[in-house]
1. Regarding the stretch 58-67, can at least one residue be identified that is over 20 Å from the mean Cα position of the chain (by Cα), at pLDDT below 90 and either surrounded by 13 or more Cβ atoms within 10 Å (Cβ to Cβ) or part of a helix (DSSP H, G or I) (or both)?
2. For residues that are out of contact with any helix residue (DSSP H, G or I) (no Cβ under 7 Å at 6 or more places or on another chain) and part of a loop (DSSP other than H, G, I, E, B), tally how many sit in the stretch 89-118.
3. Listed residues 27, 13, 7; which is under 22 Å from residue 102 (Cα atoms) and surrounded by 18 or more Cβ atoms within 10 Å (Cβ to Cβ)?
4. List pairs: first in the stretch 90-117 and at positive phi, second surrounded by 14 or more Cβ atoms within 10 Å (Cβ to Cβ) and part of a helix (DSSP H, G or I), Cβ under 6 Å, 6+ apart or cross-chain?
5. Could you identify the single residue in 44, 18, 79 that is modelled with pLDDT under 85 and out of contact with any helix residue (DSSP H, G or I) (no Cβ under 6 Å at 6 or more places or on another chain)?
């Protein structure tokens, strides 16, 4: 699956950057990466993203495992559009990257520090977690608005069809009228489900 491949690439890139940092950057030293914007500073973080919950190693490992499983289920079951799934895959890749560090070493290697704002030092995995979470939030809002709009349109169309069918068939045979209306709705439902299944396979 494309989303799992994307998450795997994030894990590989994150682990490579951490390995390179450990091998080439002295702990505590500062190296300019982008002058005036970003520099490297090698530190060991025993907490979560941006140094939160320091010392809670196995709690964080457990939370990471639960999150990864939940994201896998979401990727398989959710009908949200591809960009939303891609953002969740970014979060999963970042979580796995940091989870590997916690299991293997008991701490996470951080190295990225912005010069234009003084905040905690982070790593590539943290960046994907934060960016993915923000993007997913935006995607979910757009998806919810679109879904509600489609439901409203379908409801209005069904009402109009029911009125039109009732008018065309006439009120003399109510049972026949109701049967034809139900057949119309059932056909619409099956066509809609078939279209969604095709979209899921493509996604």
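The values are calculated or read from the model by the stated rules, or taken from the named source; none is laboratory data. Since we're looking at a predicted model, the values are computed, not measured. FYI the Cβ positions are ideal-geometry reconstructions off the backbone, even for glycines, and counts take in every protein chain you see.
1. Looking through the stretch 58-67, at least one residue is over 20 Å from the mean Cα position of the chain (by Cα), at pLDDT below 90 and either surrounded by 13 or more Cβ atoms within 10 Å (Cβ to Cβ) or part of a helix (DSSP H, G or I) (or both).
2. Number of matching residues: 4.
3. Values: 27 fails: surrounded by 18 or more Cβ atoms within 10 Å (Cβ to Cβ); 13 fails: surrounded by 18 or more Cβ atoms within 10 Å (Cβ to Cβ).
So the residue among 27, 13, 7 that is under 22 Å from residue 102 (Cα atoms) and surrounded by 18 or more Cβ atoms within 10 Å (Cβ to Cβ) is 7.
4. Going by the 6 Å Cβ cut-off, the qualifying pairs are 106/57.
5. Details: 44 fails: modelled with pLDDT under 85; 18 fails: modelled with pLDDT under 85.
The conditions single out 79.
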